[in-house]
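What follows is one structure encoded as C-alpha coordinates, with my remarks underneath.
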Amino acid sequence: MHPVHRSGLLLLALVMTSAATMTAQSDPALERARKILRSVPLIDGHNDLAWEIRSSKTAPRDVAAYDLRGHAPGHTDLERLKAGQVGAQFWSIYVPGEVKDSGFARIQLEQFDIALRAIARYPDRLTLALTAADIEREFKRGRIASLLGMEGGHVIENSLGALRAYYDLGARYLTLTHNVTLDWADAAADSARHGGLTEFGREVVREMNRMGMLVDLSHVSPGTMSDALDVAEAPVIFSHSSARALTDHVRNVPDSILQRLPKNGGVVMVTFVPAFVSQEVADWEKIATEEGKKVEAQVSDTVERRRQMDAWVAAHPRPDATLAQVADHIDHVRKLAGVDHVAIGSDFDGIEHTPVGLENVSTFPQLFAELIRRGWSDDDLRKLAGRNLLRVLRGAESTATRLQRDRQPSTRTIEQLDRPPVSS
Ligand SMILES: [Zn+2]
(Lines give C-alpha, C1' and ligand atoms only; values in the text may rest on other atoms or scores of the structure.)
Protein backbone atom coordinates (compact mmCIF):
# COMPACT_ATOMS: atom_id res chain seq x y z
CA MET A 1 0.00 0.00 0.00
CA HIS A 2 1.12 3.54 -0.69
CA PRO A 3 1.54 5.80 2.36
CA VAL A 4 -1.69 7.73 2.82
CA HIS A 5 -2.46 10.38 5.41
CA ARG A 6 -4.74 9.09 8.16
CA SER A 7 -7.64 11.42 7.32
CA GLY A 8 -7.13 10.52 3.66
CA LEU A 9 -7.54 6.86 4.62
CA LEU A 10 -10.78 7.61 6.46
CA LEU A 11 -12.13 9.50 3.46
CA LEU A 12 -11.07 6.65 1.17
CA ALA A 13 -12.89 4.16 3.43
CA LEU A 14 -16.06 6.29 3.30
CA VAL A 15 -15.92 6.56 -0.49
CA MET A 16 -15.35 2.80 -0.82
CA THR A 17 -18.26 1.98 1.52
CA SER A 18 -20.69 4.14 -0.41
CA ALA A 19 -19.43 2.70 -3.71
CA ALA A 20 -20.01 -0.84 -2.40
CA THR A 21 -23.51 0.06 -1.20
CA MET A 22 -24.34 1.55 -4.57
CA THR A 23 -23.13 -1.55 -6.43
CA ALA A 24 -25.27 -3.82 -4.28
CA GLN A 25 -28.46 -1.74 -4.31
CA SER A 26 -28.71 0.41 -7.36
CA ASP A 27 -26.56 -0.82 -10.20
CA PRO A 28 -29.20 -1.19 -12.90
CA ALA A 29 -26.90 -3.25 -15.15
CA LEU A 30 -26.23 -5.73 -12.35
CA GLU A 31 -29.92 -5.93 -11.50
CA ARG A 32 -30.72 -6.63 -15.15
CA ALA A 33 -27.95 -9.25 -15.31
CA ARG A 34 -29.38 -11.00 -12.24
CA LYS A 35 -32.84 -11.04 -13.77
CA ILE A 36 -31.53 -12.57 -17.01
CA LEU A 37 -29.69 -15.29 -15.10
CA ARG A 38 -32.94 -16.17 -13.31
CA SER A 39 -34.56 -16.82 -16.71
CA VAL A 40 -31.93 -19.07 -18.31
CA PRO A 41 -29.39 -21.49 -16.83
CA LEU A 42 -25.87 -20.04 -16.75
CA ILE A 43 -23.78 -22.99 -17.97
CA ASP A 44 -20.07 -22.84 -17.14
CA GLY A 45 -17.84 -25.04 -19.29
CA HIS A 46 -14.99 -25.83 -16.93
CA ASN A 47 -14.42 -25.97 -13.17
CA ASP A 48 -11.58 -27.97 -11.59
CA LEU A 49 -13.15 -28.55 -8.15
CA ALA A 50 -12.65 -32.35 -8.45
CA TRP A 51 -8.89 -31.91 -8.84
CA GLU A 52 -8.89 -29.35 -6.01
CA ILE A 53 -10.51 -31.98 -3.73
CA ARG A 54 -8.09 -34.67 -4.92
CA SER A 55 -5.04 -32.54 -4.22
CA SER A 56 -6.21 -30.97 -0.95
CA LYS A 57 -3.23 -30.52 1.40
CA THR A 58 -5.23 -31.35 4.54
CA ALA A 59 -7.47 -34.22 3.37
CA PRO A 60 -6.69 -35.39 -0.18
CA ARG A 61 -9.55 -37.11 -2.06
CA ASP A 62 -11.86 -36.61 0.94
CA VAL A 63 -15.15 -35.33 -0.45
CA ALA A 64 -16.70 -35.04 3.04
CA ALA A 65 -13.78 -33.06 4.46
CA TYR A 66 -13.92 -30.61 1.52
CA ASP A 67 -17.17 -29.14 2.80
CA LEU A 68 -18.98 -27.17 0.11
CA ARG A 69 -21.58 -25.96 2.63
CA GLY A 70 -18.89 -23.90 4.35
CA HIS A 71 -16.45 -21.41 2.81
CA ALA A 72 -14.20 -23.69 0.75
CA PRO A 73 -10.50 -22.80 0.33
CA GLY A 74 -10.75 -22.59 -3.48
CA HIS A 75 -13.00 -20.62 -5.83
CA THR A 76 -16.10 -22.79 -5.43
CA ASP A 77 -18.66 -23.60 -2.75
CA LEU A 78 -22.45 -23.76 -2.58
CA GLU A 79 -22.94 -20.26 -1.19
CA ARG A 80 -20.82 -18.64 -3.89
CA LEU A 81 -22.36 -20.77 -6.66
CA LYS A 82 -25.72 -19.43 -5.53
CA ALA A 83 -24.50 -15.82 -5.47
CA GLY A 84 -23.01 -16.37 -8.94
CA GLN A 85 -26.35 -17.77 -10.18
CA VAL A 86 -24.64 -20.80 -11.72
CA GLY A 87 -27.36 -22.94 -13.32
CA ALA A 88 -25.28 -25.78 -14.74
CA GLN A 89 -21.66 -26.73 -14.39
CA PHE A 90 -19.37 -28.97 -16.39
CA TRP A 91 -17.20 -30.33 -13.58
CA SER A 92 -13.84 -31.17 -15.09
CA ILE A 93 -12.52 -34.64 -14.27
CA TYR A 94 -9.00 -33.81 -15.33
CA VAL A 95 -6.08 -36.23 -15.44
CA PRO A 96 -2.55 -34.85 -16.02
CA GLY A 97 -0.99 -36.22 -19.18
CA GLU A 98 2.44 -36.12 -17.56
CA VAL A 99 1.60 -38.67 -14.82
CA LYS A 100 2.98 -42.12 -15.44
CA ASP A 101 2.20 -44.48 -12.59
CA SER A 102 -0.37 -47.24 -12.86
CA GLY A 103 -1.97 -45.67 -15.91
CA PHE A 104 -4.31 -42.84 -16.78
CA ALA A 105 -7.48 -44.93 -16.60
CA ARG A 106 -7.12 -45.55 -12.85
CA ILE A 107 -6.77 -41.82 -12.14
CA GLN A 108 -9.69 -41.10 -14.48
CA LEU A 109 -11.90 -43.58 -12.57
CA GLU A 110 -10.84 -41.99 -9.27
CA GLN A 111 -11.81 -38.57 -10.65
CA PHE A 112 -15.24 -39.90 -11.64
CA ASP A 113 -15.51 -41.22 -8.08
CA ILE A 114 -14.62 -37.87 -6.48
CA ALA A 115 -16.92 -35.83 -8.74
CA LEU A 116 -19.87 -38.23 -8.48
CA ARG A 117 -19.58 -38.42 -4.69
CA ALA A 118 -19.32 -34.62 -4.41
CA ILE A 119 -22.47 -34.24 -6.53
CA ALA A 120 -24.33 -36.94 -4.55
CA ARG A 121 -23.37 -35.35 -1.23
CA TYR A 122 -25.54 -32.24 -1.79
CA PRO A 123 -28.74 -33.62 -3.37
CA ASP A 124 -30.71 -30.48 -2.48
CA ARG A 125 -28.24 -28.36 -4.48
CA LEU A 126 -26.52 -30.49 -7.15
CA THR A 127 -27.89 -33.16 -9.51
CA LEU A 128 -26.00 -35.23 -12.05
CA ALA A 129 -27.14 -34.16 -15.53
CA LEU A 130 -26.61 -36.15 -18.74
CA THR A 131 -28.73 -34.31 -21.30
CA ALA A 132 -29.92 -30.83 -22.30
CA ALA A 133 -33.36 -31.77 -20.95
CA ASP A 134 -31.76 -32.64 -17.58
CA ILE A 135 -30.19 -29.16 -17.43
CA GLU A 136 -33.49 -27.42 -18.08
CA ARG A 137 -35.40 -29.59 -15.62
CA GLU A 138 -32.87 -29.17 -12.79
CA PHE A 139 -32.65 -25.42 -13.41
CA LYS A 140 -36.42 -25.18 -12.91
CA ARG A 141 -36.10 -27.21 -9.68
CA GLY A 142 -33.41 -24.82 -8.42
CA ARG A 143 -30.60 -27.41 -8.51
CA ILE A 144 -27.27 -26.95 -10.29
CA ALA A 145 -27.25 -29.40 -13.20
CA SER A 146 -23.89 -31.12 -12.86
CA LEU A 147 -22.23 -32.52 -15.96
CA LEU A 148 -18.89 -34.29 -16.20
CA GLY A 149 -16.20 -33.31 -18.71
CA MET A 150 -13.02 -35.37 -19.18
CA GLU A 151 -9.88 -33.38 -19.92
CA GLY A 152 -7.29 -35.18 -21.99
CA GLY A 153 -7.75 -38.02 -24.53
CA HIS A 154 -4.81 -39.92 -23.01
CA VAL A 155 -7.35 -41.33 -20.53
CA ILE A 156 -8.87 -43.62 -23.16
CA GLU A 157 -5.44 -45.30 -23.51
CA ASN A 158 -6.05 -45.69 -27.27
CA SER A 159 -9.24 -47.70 -26.64
CA LEU A 160 -12.67 -46.89 -28.06
CA GLY A 161 -14.13 -49.41 -25.57
CA ALA A 162 -12.73 -47.34 -22.69
CA LEU A 163 -14.20 -44.21 -24.32
CA ARG A 164 -17.66 -45.82 -24.40
CA ALA A 165 -17.35 -47.00 -20.78
CA TYR A 166 -16.59 -43.41 -19.73
CA TYR A 167 -19.70 -42.21 -21.55
CA ASP A 168 -21.75 -44.74 -19.61
CA LEU A 169 -20.23 -43.42 -16.35
CA GLY A 170 -21.62 -39.99 -17.26
CA ALA A 171 -18.89 -38.13 -19.17
CA ARG A 172 -20.42 -35.69 -21.66
CA TYR A 173 -17.31 -34.14 -23.13
CA LEU A 174 -13.75 -35.18 -23.78
CA THR A 175 -11.05 -32.57 -24.39
CA LEU A 176 -9.14 -34.42 -27.11
CA THR A 177 -5.75 -33.63 -25.55
CA HIS A 178 -4.39 -31.89 -22.48
CA ASN A 179 -0.87 -30.46 -22.71
CA VAL A 180 0.78 -33.60 -24.07
CA THR A 181 0.64 -34.76 -27.69
CA LEU A 182 -0.98 -38.20 -27.95
CA ASP A 183 -0.44 -41.14 -30.30
CA TRP A 184 -3.42 -39.81 -32.27
CA ALA A 185 -3.72 -36.03 -31.65
CA ASP A 186 -1.43 -33.00 -31.40
CA ALA A 187 -1.69 -30.78 -28.31
CA ALA A 188 -1.30 -26.99 -28.46
CA ALA A 189 1.42 -26.94 -25.80
CA ASP A 190 3.48 -29.83 -27.22
CA SER A 191 5.14 -30.79 -30.50
CA ALA A 192 2.96 -31.31 -33.58
CA ARG A 193 3.78 -34.93 -34.41
CA HIS A 194 0.82 -35.68 -36.66
CA GLY A 195 -0.13 -32.32 -38.16
CA GLY A 196 -3.48 -32.71 -36.33
CA LEU A 197 -5.45 -35.95 -35.92
CA THR A 198 -4.33 -39.37 -37.17
CA GLU A 199 -6.89 -41.72 -38.73
CA PHE A 200 -7.50 -43.25 -35.28
CA GLY A 201 -7.97 -39.71 -33.93
CA ARG A 202 -10.64 -39.13 -36.56
CA GLU A 203 -12.29 -42.41 -35.52
CA VAL A 204 -12.34 -41.14 -31.89
CA VAL A 205 -14.25 -38.04 -33.06
CA ARG A 206 -16.66 -40.17 -35.14
CA GLU A 207 -17.29 -42.47 -32.16
CA MET A 208 -17.89 -39.51 -29.83
CA ASN A 209 -20.41 -38.14 -32.34
CA ARG A 210 -22.09 -41.56 -32.51
CA MET A 211 -22.44 -41.62 -28.71
CA GLY A 212 -23.37 -37.98 -28.21
CA MET A 213 -20.25 -37.00 -26.26
CA LEU A 214 -19.16 -33.42 -27.01
CA VAL A 215 -15.82 -33.03 -28.80
CA ASP A 216 -13.84 -30.41 -26.82
CA LEU A 217 -11.10 -28.61 -28.76
CA SER A 218 -9.56 -26.58 -25.93
CA HIS A 219 -5.89 -27.56 -25.41
CA VAL A 220 -5.45 -29.00 -28.94
CA SER A 221 -3.24 -27.64 -31.73
CA PRO A 222 -4.78 -25.63 -34.58
CA GLY A 223 -4.16 -28.66 -36.82
CA THR A 224 -6.21 -30.87 -34.50
CA MET A 225 -8.95 -28.19 -34.32
CA SER A 226 -9.10 -28.08 -38.11
CA ASP A 227 -9.10 -31.88 -38.59
CA ALA A 228 -11.77 -32.32 -35.91
CA LEU A 229 -13.97 -29.70 -37.60
CA ASP A 230 -13.50 -31.53 -40.94
CA VAL A 231 -14.70 -34.85 -39.54
CA ALA A 232 -17.22 -33.70 -36.89
CA GLU A 233 -20.85 -34.44 -37.64
CA ALA A 234 -22.06 -32.62 -34.50
CA PRO A 235 -21.28 -29.18 -33.02
CA VAL A 236 -17.96 -28.99 -31.11
CA ILE A 237 -17.06 -26.98 -28.02
CA PHE A 238 -13.99 -25.21 -26.70
CA SER A 239 -14.69 -25.71 -22.98
CA HIS A 240 -12.18 -23.11 -21.75
CA SER A 241 -10.30 -21.03 -24.36
CA SER A 242 -10.20 -17.39 -25.40
CA ALA A 243 -9.30 -15.52 -28.60
CA ARG A 244 -5.80 -15.80 -30.09
CA ALA A 245 -6.15 -12.47 -31.95
CA LEU A 246 -6.35 -10.61 -28.61
CA THR A 247 -3.89 -12.69 -26.60
CA ASP A 248 -1.25 -14.61 -28.50
CA HIS A 249 -1.22 -17.80 -26.43
CA VAL A 250 -1.22 -21.34 -27.85
CA ARG A 251 -4.28 -22.21 -25.73
CA ASN A 252 -6.44 -19.65 -27.53
CA VAL A 253 -8.54 -20.07 -30.69
CA PRO A 254 -7.23 -18.50 -33.95
CA ASP A 255 -9.60 -16.34 -36.03
CA SER A 256 -9.45 -18.86 -38.91
CA ILE A 257 -11.03 -21.46 -36.60
CA LEU A 258 -13.56 -19.00 -35.12
CA GLN A 259 -14.77 -18.32 -38.66
CA ARG A 260 -15.55 -22.02 -39.15
CA LEU A 261 -17.85 -22.25 -36.13
CA PRO A 262 -21.10 -21.04 -37.75
CA LYS A 263 -21.03 -23.93 -40.23
CA ASN A 264 -20.25 -26.46 -37.49
CA GLY A 265 -22.67 -24.92 -34.99
CA GLY A 266 -20.24 -25.12 -32.05
CA VAL A 267 -19.25 -22.68 -29.30
CA VAL A 268 -16.14 -21.16 -27.76
CA MET A 269 -16.62 -21.00 -23.99
CA VAL A 270 -14.44 -17.98 -23.19
CA THR A 271 -12.13 -18.61 -20.26
CA PHE A 272 -10.86 -16.43 -17.41
CA VAL A 273 -7.27 -17.82 -17.26
CA PRO A 274 -5.24 -14.58 -16.86
CA ALA A 275 -2.47 -15.56 -19.31
CA PHE A 276 -5.07 -16.37 -22.01
CA VAL A 277 -6.93 -13.11 -21.39
CA SER A 278 -4.17 -10.51 -21.04
CA GLN A 279 -1.15 -10.23 -23.36
CA GLU A 280 0.75 -8.54 -20.53
CA VAL A 281 0.21 -11.56 -18.26
CA ALA A 282 1.07 -13.98 -21.09
CA ASP A 283 4.35 -12.11 -21.72
CA TRP A 284 5.12 -11.98 -17.99
CA GLU A 285 4.56 -15.74 -17.63
CA LYS A 286 6.92 -16.43 -20.54
CA ILE A 287 9.68 -14.36 -18.94
CA ALA A 288 9.01 -15.85 -15.49
CA THR A 289 9.26 -19.37 -16.93
CA GLU A 290 12.60 -18.50 -18.57
CA GLU A 291 13.83 -17.05 -15.29
CA GLY A 292 12.69 -20.22 -13.47
CA LYS A 293 14.67 -22.38 -15.91
CA LYS A 294 17.75 -20.21 -15.43
CA VAL A 295 17.54 -20.48 -11.64
CA GLU A 296 16.95 -24.23 -11.87
CA ALA A 297 20.07 -24.67 -13.99
CA GLN A 298 22.22 -22.56 -11.65
CA VAL A 299 20.96 -23.54 -8.18
CA SER A 300 20.57 -27.11 -6.94
CA ASP A 301 19.08 -26.39 -3.50
CA THR A 302 15.29 -26.20 -3.82
CA VAL A 303 14.81 -23.81 -0.88
CA GLU A 304 17.36 -21.41 -2.35
CA ARG A 305 15.70 -21.74 -5.78
CA ARG A 306 12.36 -20.78 -4.22
CA ARG A 307 13.96 -17.81 -2.45
CA GLN A 308 15.54 -16.53 -5.65
CA MET A 309 12.31 -16.88 -7.61
CA ASP A 310 10.33 -15.12 -4.85
CA ALA A 311 12.87 -12.29 -4.99
CA TRP A 312 12.54 -12.13 -8.79
CA VAL A 313 8.74 -11.94 -8.58
CA ALA A 314 8.99 -9.24 -5.90
CA ALA A 315 11.18 -7.21 -8.27
CA HIS A 316 8.98 -8.00 -11.31
CA PRO A 317 5.40 -7.99 -10.01
CA ARG A 318 2.89 -10.14 -11.85
CA PRO A 319 0.44 -7.98 -13.86
CA ASP A 320 -3.30 -8.51 -13.45
CA ALA A 321 -5.89 -9.50 -16.04
CA THR A 322 -9.29 -7.81 -15.73
CA LEU A 323 -12.98 -8.53 -16.13
CA ALA A 324 -13.07 -5.97 -18.98
CA GLN A 325 -10.44 -7.99 -20.87
CA VAL A 326 -12.57 -11.15 -20.53
CA ALA A 327 -15.48 -9.13 -21.96
CA ASP A 328 -13.18 -8.06 -24.85
CA HIS A 329 -12.59 -11.74 -25.70
CA ILE A 330 -16.32 -12.46 -25.58
CA ASP A 331 -16.92 -9.50 -27.91
CA HIS A 332 -14.20 -10.72 -30.29
CA VAL A 333 -15.60 -14.27 -30.52
CA ARG A 334 -19.00 -12.71 -31.13
CA LYS A 335 -17.61 -10.49 -33.88
CA LEU A 336 -15.80 -13.33 -35.70
CA ALA A 337 -18.06 -16.34 -35.08
CA GLY A 338 -21.38 -14.70 -34.21
CA VAL A 339 -23.46 -14.38 -31.07
CA ASP A 340 -24.71 -17.97 -31.46
CA HIS A 341 -21.19 -19.34 -30.97
CA VAL A 342 -19.96 -17.85 -27.71
CA ALA A 343 -20.38 -19.09 -24.12
CA ILE A 344 -18.45 -19.11 -20.83
CA GLY A 345 -15.86 -21.58 -19.45
CA SER A 346 -14.27 -20.05 -16.38
CA ASP A 347 -11.60 -22.61 -15.30
CA PHE A 348 -12.21 -21.65 -11.65
CA ASP A 349 -10.28 -23.91 -9.28
CA GLY A 350 -7.96 -24.73 -12.17
CA ILE A 351 -6.14 -21.41 -11.93
CA GLU A 352 -3.97 -19.91 -9.23
CA HIS A 353 -4.68 -16.30 -10.20
CA THR A 354 -7.97 -14.81 -11.38
CA PRO A 355 -8.82 -11.61 -13.29
CA VAL A 356 -9.65 -8.58 -11.14
CA GLY A 357 -13.44 -8.58 -10.82
CA LEU A 358 -13.80 -12.32 -11.48
CA GLU A 359 -12.32 -13.73 -8.30
CA ASN A 360 -14.55 -16.78 -7.78
CA VAL A 361 -17.83 -18.40 -8.87
CA SER A 362 -19.90 -15.68 -7.19
CA THR A 363 -18.78 -13.06 -9.74
CA PHE A 364 -20.42 -14.25 -12.99
CA PRO A 365 -23.28 -11.66 -12.83
CA GLN A 366 -20.67 -8.87 -12.88
CA LEU A 367 -19.46 -10.07 -16.29
CA PHE A 368 -23.02 -9.96 -17.63
CA ALA A 369 -23.45 -6.45 -16.17
CA GLU A 370 -20.31 -5.34 -18.05
CA LEU A 371 -21.73 -6.70 -21.34
CA ILE A 372 -25.03 -4.92 -20.64
CA ARG A 373 -23.07 -1.67 -20.29
CA ARG A 374 -21.51 -2.49 -23.69
CA GLY A 375 -24.95 -2.70 -25.28
CA TRP A 376 -25.70 -6.44 -25.30
CA SER A 377 -29.42 -7.27 -25.53
CA ASP A 378 -31.14 -9.55 -23.01
CA ASP A 379 -31.69 -12.14 -25.71
CA ASP A 380 -28.03 -12.21 -26.73
CA LEU A 381 -27.00 -12.54 -23.08
CA ARG A 382 -29.34 -15.53 -22.71
CA LYS A 383 -27.53 -17.14 -25.64
CA LEU A 384 -24.17 -16.48 -24.02
CA ALA A 385 -25.33 -17.75 -20.62
CA GLY A 386 -26.81 -21.06 -21.67
CA ARG A 387 -28.96 -21.17 -24.78
CA ASN A 388 -26.01 -21.65 -27.12
CA LEU A 389 -24.64 -24.55 -25.11
CA LEU A 390 -28.11 -26.12 -24.81
CA ARG A 391 -28.41 -25.94 -28.61
CA VAL A 392 -24.97 -27.57 -29.00
CA LEU A 393 -25.86 -30.36 -26.58
CA ARG A 394 -29.19 -30.97 -28.33
CA GLY A 395 -27.33 -31.04 -31.66
CA ALA A 396 -24.93 -33.68 -30.32
CA GLU A 397 -27.87 -35.69 -28.97
CA SER A 398 -29.85 -35.66 -32.22
CA THR A 399 -26.72 -36.45 -34.25
CA ALA A 400 -26.12 -39.45 -32.00
CA THR A 401 -29.70 -40.68 -32.44
CA ARG A 402 -29.32 -40.40 -36.22
CA LEU A 403 -25.89 -42.06 -36.37
CA GLN A 404 -26.89 -44.92 -34.07
CA ARG A 405 -29.58 -45.92 -36.56
CA ASP A 406 -27.02 -47.16 -39.04
CA ARG A 407 -23.67 -47.28 -37.27
CA GLN A 408 -22.51 -49.87 -34.74
CA PRO A 409 -19.97 -49.07 -32.00
CA SER A 410 -16.56 -48.90 -33.65
CA THR A 411 -14.22 -51.81 -32.97
CA ARG A 412 -11.33 -50.29 -34.93
CA THR A 413 -7.95 -50.14 -33.21
CA ILE A 414 -5.06 -47.72 -33.45
CA GLU A 415 -2.90 -50.57 -34.78
CA GLN A 416 -5.36 -51.12 -37.63
CA LEU A 417 -5.83 -47.47 -38.51
CA ASP A 418 -2.47 -45.81 -37.88
CA ARG A 419 0.11 -48.56 -38.26
CA PRO A 420 -0.96 -50.68 -41.19
CA PRO A 421 1.46 -53.51 -41.96
CA VAL A 422 3.73 -52.62 -44.84
CA SER A 423 2.29 -54.35 -47.89
CA SER A 424 4.61 -56.80 -49.59
ZN1 LIG B 1 -7.41 -27.04 -19.00
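The values are calculated or read from the model by the stated rules, or taken from the named source; none is laboratory data. This structure is a prediction, so every number in the text was calculated from the model and none was measured. Virtual Cβ from ideal backbone geometry, glycine too; neighbours counted across all protein chains shown. Ligands, DNA and RNA are excluded from the accessible area calculation, which covers all protein heavy atoms including side chains. Shrake-Rupley method; radii C 1.70, N 1.55, O 1.52, S 1.80 Å.
Quick look at the values:
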| item | result |
| --- | --- |
| 222 nm mean residue ellipticity, helices alone, for the chain (DSSP H n ≥ 4; -39,500 (n - 2.57); rounded to 500) | -14500 deg cm²/dmol |
| Extreme residue, positive dipole direction of the chain, given options Ala88, Ser56, Thr289 (C-beta unit charges) | Ala88 |
| Against the rule of thumb 2.2 N^0.38 Å, how large the Cα Rg of region 19-166 comes out | 1.18 |
| Distance in nm between pseudo-label sites at Val299 and Asp124 (7 Å out along the Cβ direction from Cα) | 5.1 |
| Stretchable slack from Thr289 to Asp406, in nm (0.36 nm times residue separation minus alpha-carbon distance) | 37.0 nm |
| Listed residues Trp284, Trp91 arranged by accessible area, highest first, probe 1.4 Å | Trp284, Trp91 |
| Solvent-accessible area per residue for the chain (1.4 angstrom probe, square angstrom) | 44 |
| Solvent-accessible area of His353 with every protein chain in place, 1.4 Å probe, in Å² to the nearest 10 | 80 |
| Choice from Asp190, Asp379, Asp67 with maximal GNM fluctuation in the chain (Cα, 10 Å cutoff) | Asp379 |
| Antiparallel bridges, percent of DSSP beta bridges restricted to the chain (to nearest 5) | 5 |
| Cβ charges +1 (Lys, Arg) and -1 (Asp, Glu), total dipole of region 356-403, debye | 240 |
| Solvent-accessible area, 1.4 Å probe, carbon plus sulfur percent, for the chain | 53 |
| Among Ser146, Ser92, Ser56: highest mean-square fluctuation, GNM of the chain, C-alpha pairs under 10 Å | Ser56 |
| Solvent-accessible area of Lys286 with every protein chain in place, 1.4 Å probe, in Å² to the nearest 10 | 140 |
| Nearest-20 debye value, region 135-286 charge dipole, Cβ charges on Lys, Arg, Asp, Glu | 620 |
| Farthest positive-ward along region 109-217 dipole, Cα basis, beta-carbon charges - from Tyr167, His178, Tyr122 | Tyr122 |
| P(r) histogram, all alpha-carbon pairs of region 308-377 included - 5 Å bins from 0, percent | 4, 13, 21, 22, 15, 11, 6, 5, 3, 0, 0 |
